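Before any comments, here is the structure.
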Amino acid sequence: MKKMDEINDILEYDILVRINKEDVHILNYLLEAEDNTMNIRSFEGEFLKVIATKDTVIDAIKLLESARAIVNLEIVKLNPNNGSAD
């Protein structure tokens with residue numbers, strides 16, 4: 001089990017999203033309305049990698065969930081980010 005200090009050291013999270021590559025541009029348009037909530041990176045294998053800070057990760061997840069009404073997507077995993085932009 002992680003210690004509280006280790007959890008507090010996490011500054012960003014990777015949100016892996018299953019989405020068709022053709023739909024990413026639509027998702028980008030939807031997410032532009034919410035400034036500084038998350039950053040869409042690139043595909044990691046079959047999943048789109050989205051980065052959110054520890055302060056915005058809950059809002060980012062809620063926003064992605066609400067986008068499901070327009071774009072077919074599924075949040076498949078949430079990982080602490082190791083500080084890498086990759």
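Here the sum of -39500 (n - 2.57) over DSSP H runs of 4 or more residues, divided by the residues of the chain, equals -7500 deg cm²/dmol at 222 nm, to the nearest 500. The ranking of K49, K77 from fewest to most other beta carbons within 10 Å of each one's beta carbon is K77, K49. Of all alpha-carbon pairs in the stretch 12-80, indicate the percentage at a distance above 21 angstrom. Value for the stretch 12-80: 11 percent of Cα pairs lie more than 21 Å apart. A simple spin-label model places pseudo-atoms 7 Å from Cα toward Cβ; at N39 and L78 they are separated by 2.0 nm. Its relative contact order, with pairs defined as Cα atoms under 8 Å and 6+ residues apart, puts the chain at 45 percent.
A Förster radius of 30 Å, combined with the Cβ-Cβ distance separating R68 from I10, puts the computed FRET efficiency at roughly 0.70.
Throughout, read-outs are computed from the coordinates displayed, never taken from laboratory work. These numbers were taken from a predicted model, which means no experiment stands behind them. Here Cβ is always computed from backbone atoms with ideal geometry, including for glycine, and neighbour counts include all displayed protein chains.
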